[in-house]
Amino acid sequence: MFDVLIIGGGAAGLSCALILGSAHNKPYAQDKKIGIMTHQKTSHLQTALFNNALGLLPGTTGTSILEIGKIQLKTLYPHVEQIDKEKVVEIVKNDEVFKVRTNRSEYTSKALVVAVGYTNLINIKGLESFIEPHPRAILEKERIWLKNDNHLIEKGLYVAGTLAGWRSQYAIACGSGAQVATDILTLWNDGKDSQVHDKI
Ligand SMILES: Cc1cc2nc3c(=O)[nH]c(=O)nc-3n(C[C@H](O)[C@H](O)[C@H](O)COP(=O)(O)OP(=O)(O)OC[C@H]3O[C@@H](n4cnc5c(N)ncnc54)[C@H](O)[C@@H]3O)c2cc1C
């Protein structure tokens with residue numbers, strides 16, 4: 001049973017996982033089981049090239065971010081379980097526990113972060129009732145969001161990145177994933193605001 005399972009290994013999902021993983025020395029996060037489904041095949045980063053993202057060298061490719069992101073997570077925070085090459089097909093909530101079915105297996109988690117991007121090709125059973133037209137994208141592209149309030153869809157169910165209703169910029173998607181991570185850490189910390197900083 002995971003305490004939190006992140007679905008999607010793109011900008012928002014990996015950012016969320018890195019921040020959650022980095023809290024491993026905090027007493028309230030130490031015993032938490034964190035997982036991420038690092039499916040990357042349909043990430044918008046696959047074809048992106050970056051010249052306008054702070055901290056990234058101009059010319060950085062999205063594919064290199066996807067690859068390095070997983071390595072960074074594995075190297076620095078190996079306690080975050082990476083589930084590779086599985087696609088979520090169904091989410092069912094029963095008694096405050098989410099059952100996540102993939103094309104290969106099944107998992108349970110107390111909380112979920114859905115970060116699968118804002119295309120209308122989404123076909124995860126169980127999310128249909130939250131899908132609406134995206135509030136901040138060109139109508140013709142038929143983008144979608146999962147209706148939420150500050151990333152929270154319902155108790156224990158979060159959405160991050162473009163699917164949360166944000167415009168498609170890398171920094172915004174990463175920030176959204178980071179925001180959800182600190183919201184979850186704050187919850188684990190009995191409601192006391194939480195953030196994770198490393199110092200020189
Ligand atoms: C061509 C192009 C160029 C771009 N250039 C720039 C730029 O110059 N500057 C800038 O700031 N931004 C740029 N962007 C935008 C940036 O790439 C996106 O804003 C960002 O990737 C969105 O992050 P996300 O996490 O919301 O979605 P994504 O990065 O798309 O991640 C979604 C993840 O969910 C996974 N997934 C999907 N379905 C499932 C499922 N059923 N189960 C499990 N996992 C699933 C996908 O494989 C993917 O890894 C560009 C985008 C494109 C397409």
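The values are calculated or read from the model by the stated rules, or taken from the named source; none is laboratory data. Every value quoted in this text rests on a predicted model; they were computed, and no experiment measured them. All Cβ positions, even for glycine, are placed from backbone atoms using ideal geometry, and neighbour counts span all protein chains on display. These area figures cover heavy atoms from the full protein model, side chains too; ligands, DNA and RNA do not enter into them. Shrake-Rupley method; radii C 1.70, N 1.55, O 1.52, S 1.80 Å.
Numbers below:
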read-out: Reciprocal mean inverse distance between Cα atoms of the stretch 5-148 - Kirkwood radius, Å; value: 16.4 Å
read-out: Cβ-placed point charges (K, R +1; D, E -1), dipole of the chain about Cα centre in debye, nearest 20; value: 300 debye
read-out: Per residue solvent-accessible surface (Å²) - the chain, probe of 1.4 Å; value: 56 Å²
read-out: Ranking by accessible area, most exposed first, for Lys32, Lys192 with a 1.4 Å probe; value: Lys192, Lys32
read-out: Solvent-accessible area of Tyr170 with every protein chain in place, 1.4 Å probe, in Å² to the nearest 10; value: 50 Å²
read-out: GNM result for the chain, Cα springs below 10 Å: residue of Gly62, Gly177, Gly165 fluctuating most strongly; value: Gly62
read-out: Percent accessible area from carbon and sulfur atoms, the chain, protein chains only, probe 1.4 Å; value: 52 percent
read-out: Accessible area, probe 1.4 Å, largest first, for residues Phe130, Phe2; value: Phe130, Phe2
read-out: Loop-located trypsin sites (Lys or Arg not before Pro) in the stretch 93-140 whose Cβ has at most 14 other Cβ within 10 Å (DSSP); value: Arg104, Arg136
read-out: Charged-residue dipole, Cβ positions (Lys, Arg, Asp, Glu), the stretch 82-176 about Cα centre, Debye nearest 20; value: 160 debye
read-out: Radius 9 Å from Cβ of Pro133, net charge of other residues (Lys, Arg +1; Asp, Glu -1); value: -1
